[in-house]
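Read-outs throughout are calculated quantities, based only on the coordinates presented, and are distinct from any laboratory measurement. For clarity, every value in this text was computed on a predicted model and none was experimentally measured. Cβ placement follows ideal geometry from the backbone for every residue including glycine, while neighbour counts extend to all protein chains displayed.
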């Protein structure tokens, strides 16, 4: 029996139905819990919150090569705490997991790292901002952030430059995840300009494009009866953006939430039921059968689009497997974005 | 009909319980020795496998610190932050248990404590201390403060696994790492190892410390012993089955005359044999378990001492081993009985019963046997010159032993013929003629004795040669009286300054990893000192090798490198871009990789980064204790950084004593089997010999005298066989040393002779034969005259 598998089975249980996806539905005893009316404090809140059970720094980027080919890049650092304390040395209860992926229309490269907190192998500092696991980094000021990762068969080295303000989801960053009230703190930087180089087995390619950073932390963001989610970050050619997610429940019902981010800088949170997402076509990707074409509707903003995966096989074959990849948008709006689907078997 | 036939066949054993005992005991003994040895081997292999499975030993590349040092944890983090996917291991010993601390998050897949399913992984990681080991290991470890001891049967013996954080505090090795396991897949864009840890070295998987390979020679010896013992046992079984078949010919004739079909008869006899094989097999496996359980602690101690391999001292029952023991008993019986069944199938329906036909037929086949033996020995002779590989080496052993065994009756017959021709006087003439007449009946037992003796001579010559060579090699390698190790270059410099006025000579020990002639090797820098000139012996060397080495004019290489790369004295060797002529080749036993020695001046030029941290100190032996004390008191060097030569030697020799215990035990066991074979042959022959002895008695020889002559005959035949076994054993030793060892390990041991050992072995063989003959001779001496008289009244 592999320790790693056991570790993950215990800390981050795989969608055992009653436990929710990735163990996010487990009890939060001893950990801090998000409450409404939280006053965000920067730069401190860019750093880790060890008294919360889980937290992530999550970047997805839609990139274009010199020949117009679409690429997608993901850089993610997860923090999981076994106990609500920072700790020092090997006995620190903070554990870190990194996922990196590079998606081309025909290939999907993915790799994973695990690390203990407290020994310097992985961590996040708020000021100056730096998030790292092994040689992977996401570090630097907002206007010149370096994002690097590598696997056995791919690498990327990108510079991110913020082109707009932070966006706070839900009630000023208090993002409710179920009718029972489970919630997380959730904000994003949806407008990073990107330039740099990606490396595939065929060589280096210079790319430019847009990236989206999600920051979220909580101790129990899912209800027990929620099994997974479908998450969309859509950037329309009009300059408007939309974040929306559907949390699927055991009984077939779902809980939705969306944020409209206008080109003018205005944001609006849209309540449960405002967003609908309907699978149009499913595909047997390497790990599970997943919808790779969706009809996404947000009638309040006149959105009725078809969202299609650029590479239907963007399966993240990591300890906790899921689907994550770049998408194209057509219909009432056109554009590009990212789709994440969890809890499929 | 079938039942009646079966009862008739079985009645033979009821009338001849001794034969039944011979058959069962021979088979059981053979199975016991074979399966005992196999059990020991299997236990050791299982231990290596468990170590490899739980610790990744041999499976993955490793990064190691300089000898005697550890890797700072900061270096580990720096490697990870540079993109090297390595996993830290901190290990040490506590109460004789190897404590291995792992980081389960970075360890390559599959490593780590097995079956932690019920464990709390949070507790494993938290530093609260979970220790996984077998119950035996946990007992040895004793209570550990703040730790949960968790019994895990699949763990390697003598090894306990815990979290690296807990291991560091347990072993008092804070922020220290013993070695790094390198994951098989590494990301793009890694800088070279030397950029981050210039003093670290990368050791490729399956090189250097692969226990399986290192310990192969030991297991090879055990297996050879087991196989020979089994072969001897099968000789006994073959003899017993053959005799029983001949004696049962009247029964077979009667049964067939009564209408029992031949096929059914064969099936019945085969079933009878298989039943006996299974009974004997079960007894043999049980005895084998006892043998293995008795030997295993010594074997475990030997392996730990010689190779640092942890092997469980207690035996586990493995189903595969039980089955293979039974399998070999059944297979052996099938081989031994096949010939008899074949003859039965072709026997004319009404062939006369010939109780002596079995022995006579053996005599008639002697000529063919002689030709076959000659052919096999010729093949062995050719192989002796041509054989180079391991397979050819074993073929040589097989042809030599089988050829010699087959030749034995022919050679003994020839010797007896010469003796008979020279005999004067009627008693002497009768004695020699009768001995010749008896030879076919005894030849199988004598072959068994020959093989047992030869194996003992061969293996003990090899082991003793190894001991002598290794002791001399230890004297050569450990020529300094005291060895000290410094923590750092600064401490090394201070040590040298401190020691210079207090010692006769300080010999730095410095080495560098290098690929030589395409093989992984290490290069040593040696100071020119009389120590080397007086102690080192070369297998081959140019004139004034030491003088030229001192002048930086060449290099010395070990035998492994010279054999693998086909290098001879005078050949050029490229070391780090400079070409040196080879000045000498030295024996280097127990070291798996190549080695070369340069003078310290060219060494320092080629490897400027190598720093000597270990030093050999020459002082008068009676001053060692004083210097140790001074170093500890005045210089403050910890005791564990000093090793005195006498200590290492005593330890190494102690290891050999344990090896010898095992060899001696197997010697006595195989000879006992051979003695048993002789006893059984004599006992079965005794009854049939009465008609031949009765006329001699009638002519006036007393029964007592007849008994003495019987005893004398057995000892004489044993003496002749032993005399023939000696050259065979020496040939066997030569084949093991010069062919098998070279193929298996890359070095050739010089062969030494041990006449006293051979005398003692010969004495044991004679004793075994005499003891075996004592009972039949005594029985003969006390045969009632009526029984002898009855011979004349029998109608035959």
Fewest-first ranking of A:168, A:42, B:124, B:615, using other Cβ atoms within 10 Å as the exposure measure: A:42, A:168, B:615, B:124
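What is the extension gain from residue B:571 to residue B:609, computed as 0.36 nm multiplied by their sequence separation minus the C-alpha to C-alpha distance, in nm to one decimal?
Length gained between residue B:571 and residue B:609: 10.9 nm.
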Exposure proxy order (Cβ contacts within 10 Å, fewest to most) of B:12, A:169, A:333: B:12, A:333, A:169
Over the stretch A:232-335: Rg over Rh, Cα atoms, Kirkwood Rh: 0.98
Relative contact order (%) - chain A, alpha-carbon pairs under 8 angstrom, separation at least six: 16 percent
Residue B:271 paired with residue B:754, simple spin-label distance in nm, labels 7 Å along Cα-to-beta-carbon: 5.1 nm
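If you build the convex hull over the alpha carbons only and average its shadow over all orientations, what do you get for the stretch B:509-626? Give it in nm² to one decimal.
Hull-based average projected area comes out at 7.9 nm².
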Ascending count of other beta-carbon atoms within 10 Å, so fewest first, for A:202, A:230: A:202, A:230
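Using r as the Cβ-Cβ distance of residue B:553 and residue B:378, and R0 as 60 Å, what FRET efficiency do you calculate, to the nearest 0.05?
Step by step, r from the Cβ atoms, then E = 0.80.
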Under 14 Å from the residue B:194 label point (7 Å along Cα→beta-carbon), backbone N, the stretch B:600-622: B:606-610
For the stretch B:491-544: rounded, prolate or oblate by the Cα gyration tensor [a/c cutoff 1.5]: oblate
Sites residue B:392 and residue B:782 - FRET efficiency at Förster radius 56 Å, r taken between beta-carbons, to 0.05: 0.55
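If you stretched the chain out fully between residue B:202 and residue B:639, how much longer would it get, using 0.36 nm times the residue separation minus the C-alpha to C-alpha distance?
So the chain would gain 154.4 nm between residue B:202 and residue B:639.
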Kirkwood Rh (inverse of mean 1/r, distinct Cα pairs), chain A, angstrom: 20.1 Å
In Å, descending, principal axis extents of the Cα set of the protein assembly as shown: 136, 90, 57
Relative contact order, percent, the stretch B:407-548 [alpha-carbon distance under 8 Å, six or more residues apart]: 15 percent
Calculated FRET value between residue B:143 and residue B:418, using beta carbons and R₀ = 56 Å, to 0.05: 0.15
Centroid-to-centroid separation of the stretch B:670-740 and the stretch A:270-295 [C-alpha atoms, Å]: 91 Å
Gained length - residue A:284 relative to residue A:204, 0.36 nm times residue gap less alpha-carbon distance: 25.8 nm
Tensor-based shape of the stretch B:240-280 (alpha-carbon gyration tensor, a/c under 1.5 rounded, otherwise prolate or oblate): oblate
